[in-house]
Every structure is written in structure tokens, then in C-alpha cells.
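The structure appears below as C-alpha cells.
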Ligand SMILES: *Cc1c(COP(=O)(O)O)cnc(C)c1O
């Protein structure tokens, strides 16, 4: 047991000890130590999670009264409630793909899909900045893997040229909107690249983009016009969709294969049917939430410009996402800046290595569509006065 204590003491000394905060919320505000802080770290990008109108509409419907709050089993045993297939049918239709498959979370999806697909004759080529869940999925698989420099497609191309012939299958893994830098992948480029080979699959995690981008809110692949060419497109319901769980859209063959090989799908109790009904309810309405998407884009543009006056931008100027990092460099500087802004009434958090590369500690800001202009003005004023 001493060993565990030493490990924690060490984290504490490095100012890296994590704790579980108690954070009651009031809409877009978080209550911390009796203070009300505007939440500038939210994943509720469209502001749906605390939308009373939507909630009451759902609560008044039949699904909510009739469906159980537990599936009591994996879908492959007795947990196969029809609502799962209903949602999958809706997803496949919206993405214009043959099939969709639900998972208990984005984490389950990412640690389940790669080990199912990849064996010793597979090479995984992953962007250096992909999410921890994808890294864990790679580690759990038997595949060889390499990580290319973030969005460095010249390097990716070289790796493919050098190695593609040595493997039965290659899987390129990327996020569409990167969670720590708020920049984006060039999906049409990746599609063209993979199409040069007959045995390269493209796996795109749209966790931060689903709901928030694209004409009908399907994500960046919709916006960039390449949904049909992504072999496995995943998204979570836990962020902009204000629910829980995740999905992949893919070919019917791929769905069957995953259903037979994916351990996180086979060996875990399926999500509560009532919750899947809520996801279905929300997802149905996503196309018509364009005003919220436009609002999010407008807020993002303003905050990005304000931040750019003080902090280096890690991304091409063209990216205009709702995730905006203020890169301070040292862990201490990031922690201190977050504390300053929290004291001024803004809930934002320092992100430090190993979550981000060494020397790039930052305060990560993320926006939600229901922040008012006055609220954003207030923060920008504070930023201009107190940015270190
Ligand atoms: C949040 C996130 C996940 C995990 O999704 P959950 O549904 O929260 O488990 C996976 N991938 C990326 C890129 C994420 O940001």
C-alpha cells in the first residue's frame, strides 16, 4: 500500500493530483464553493442538456413511461429492446449508410472496435493527438501501430508507402475535431489517400463534432462531404446530444463483424432503454437545430479572435471550432490562469501533460450555444485584463 501512497504524493508534489469535484449546476452555471461560475468547460455544445422544454416534452411522452430504466443484460442475451434498432435505423438513414451500431459510451466504442478489427497482420496509423480511449483501443489490439505527427499527412503518406505492402489491413485512426487543440482533420484528403490502396480503412471519431457541425448536424464528415467514404465513423451521445452512449455508422458487413467480435459490446449490459429513447428523441431533432449551430459558430469566432490576441494559436486560422485552447506552456502558469478566471466567475480548467504534450499546458475553453452575448463580452473583458 505504501507504493500507492507514494504515487499519489508524487502527483501532488507535481501539482497533478486529480480529484472528484462536487459540482451542482444551474443551467450553464456551475456552483463551486458557493459561487456561481459560467461554465466554460462544457461539452453540452448545443445547450440541450438543461433545456427544460425538451426534457418536459420527453417526459410527457409514452416512451418515458413504458420503457424500463435498465436493460438488465447485454443486447446479445436478453437486453435487445427494439428501441436500440429504432435508433440504429434512424442513424443509418441520416448518415446514408447501410448500418449503425450503438455502444454504451464512446470509450466502450473506441476500446472495443480496434481490438475486434485488428490482428497481428494489421497496422494502425494514428494521429499523435487522438483521444486516450483510442490509444487504449490500440493497446488492447494485437496490431502493430505507429503514430504520425498531428495532422502531418505527408508523414502519414510516407508511412503508408513504406509499410502498406507488409500488412493485410491498415487502419488510419483520427478524430475529426481534436479535443485539446480544437483543430480539424482534412477528411477528404484522408479519403483520397486511403483509396489509393485496397486494404486501408479509415476510422474517424467525431465525438466533438456530432450535433455541432454539418448542414444537418451530423458532424465534420457531413460538412466536408465525405460521409460515404469513412469506413467507421463514430460519435458519442454524451456531448452535444445531451445523453449517454455512442454509435458507429459503417457497412452492414462491418456491423455484423463487430457484433460478433467486439468484447465491449458483447460482455456489457446495454444502456437503459429509456435513455436510448431520449437519445432517439434528441437525435430526431438535430437537423432542425441549425440556429443553435450558427450561434455556437458565432460565439466561437468571437472568442477565438479575443484569445488569439494573447495566446499562440496551435491551429490554422481557418479552423473555427468551439474548443479554444489558451496555451500557457508550464503547468504552473496554466493552473494559475485557470484559478484567476475561476475567481472572476468563469469555470475553466487547466489541462496538463500527459493529457497534452509536455510544455503545452493550457486552459481549455469550450463554448455552448446558450451563452449570451453579454456573458461572452464579460469573459472577453476579463481575458483582456488578466491574460498572462
Ligand atoms: C469524450 C470522447 C470520447 C469518449 O466518449 P464517452 O461517450 O464520453 O465515453 C471518445 N473520443 C473522443 C475524441 C472524446 O472526446
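Computed quantities for the displayed model
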{"item": "Search result, residues across segment 195-218 that are surrounded by fewer than 24 Cβ atoms within 10 Å (Cβ to Cβ), away from the ligand (no atom under 16 Å from the Cβ) and under 23 Å from the mean Cα position of the chain (by Cα)", "result": "201, 214, 215, 216"}
{"item": "Out of 298, 333, sole residue that is away from the ligand (no atom under 15 Å from the Cβ), in a helix (DSSP H, G or I), farther than 30 Å from residue 71 by Cα and in contact (Cβ under 8 Å) with a residue 40 or more places away in the chain", "result": "333"}
{"item": "Residues within segment 35-58 that are closer than 19 Å to residue 379 by Cβ, surrounded by fewer than 19 Cβ atoms within 10 Å (Cβ to Cβ) and touching a helix residue (DSSP H, G or I) at 6+ places or on another chain (Cβ under 9 Å), tallied", "result": "1"}
{"item": "Meets criteria (within 16 Å of the ligand (Cβ to nearest atom), farther than 30 Å from residue 339 by Cα and touching a helix residue (DSSP H, G or I) at 6+ places or on another chain (Cβ under 8 Å)) for residue 87", "result": "yes"}
{"item": "Any chance residue 106 is more than 22 Å from the chain's Cα centre (by Cα) and under 18 Å from residue 282 (Cβ atoms)", "result": "no"}
{"item": "Residues within segment 36-55 that are over 17 Å from residue 280 (Cβ atoms) and either over 25 Å from the mean Cα position of the chain (by Cα) or in a loop (DSSP other than H, G, I, E, B) (or both), tallied", "result": "9"}
{"item": "Among residues of segment 134-163, those that are part of a helix (DSSP H, G or I), farther than 26 Å from residue 246 by Cα and without any contact (Cβ under 8 Å) to a residue 40 or more places away in the chain, counted", "result": "8"}
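For every residue, the table says whether it meets (1) touching a helix residue (DSSP H, G or I) at 6+ places or on another chain (Cβ under 6 Å); (2) touching a residue at least 40 places away in the same chain (Cβ under 8 Å).
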{"position": "205", "(1), (2)": "no, yes"}
{"position": "225", "(1), (2)": "no, no"}
{"position": "243", "(1), (2)": "yes, no"}
{"position": "276", "(1), (2)": "yes, yes"}
{"position": "287", "(1), (2)": "no, yes"}
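No lab work stands behind these numbers, since they all come straight from the coordinates. Predicted model only: the values in this text are computed from it and were never measured. No Cβ is skipped: glycine too gets one built from the backbone with ideal geometry, and neighbour counts run over all protein chains shown.
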